[in-house]
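None of the figures in this text is laboratory data; all of them are computed from the coordinates on show. Quick caveat, the model's predicted, so the values are computed rather than measured. Reconstructed Cβ throughout: ideal geometry from the backbone, glycine too, with neighbour counts over all protein chains shown.
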Amino acid sequence: MKNSNAASVYRQNSVLTASPEKVVKLLYDGAIRHMETCRSQLSDPGTSHIAATGESISKAFAIVSELRTSLDHQAGGEISGNLDRLYEFTLHQLSKANVERSAEPVERGLHVMRTLKEGWDGIIAS
């Protein structure tokens, strides 16, 4: 139990001390991780209706919503508008997956999030 608590404290401290760029990277990583989990669960009829599947969708939805609400439309201009539409699309796909209990919408949203993360990784690496 102590190791689990220590790991939790470490993760919390790494987020609290991270640069804004690193926080966005962590959000992308988390959204993708939860989307991959729910896609896998939705692909299996035995797990498509369990509570954990709904939790994975909910966590992914919350992270993408956070990315969307953190956009600065004043400073970001056209780029933030484009990101807003991509996040909106992803949120719609997650909602659709939840209602239909289908992995296909999650896959479409995952494609968007992976592409955005790839671009973000290129930006912060420079």
Could you point to the residue in 123, 53, 92 farthest towards the positive end of the chain's charge dipole, with +1 and -1 charges on the Cβ of Lys/Arg and Asp/Glu respectively? 53
So what is the 222 nm mean residue ellipticity for the chain from helices alone, if each DSSP H run of at least 4 adds -39500 (n - 2.57) and you divide by all residues, rounding to the nearest 500 deg cm²/dmol? -30000 deg cm²/dmol
Please report the net charge: other residues with Cβ closer than 9 Å to the Cβ of residue 124, K and R +1, D and E -1. 0
What's the magnitude of the charge dipole for the chain around its Cα centre, counting Lys and Arg as +1 and Asp and Glu as -1 at the beta-carbon? Answer in Debye, nearest 20. 360
Report D for segment 20-125 in µm² per second (integer): Stokes-Einstein, Kirkwood Rh on Cα pairs, 20 °C, 1.002 mPa s. 155
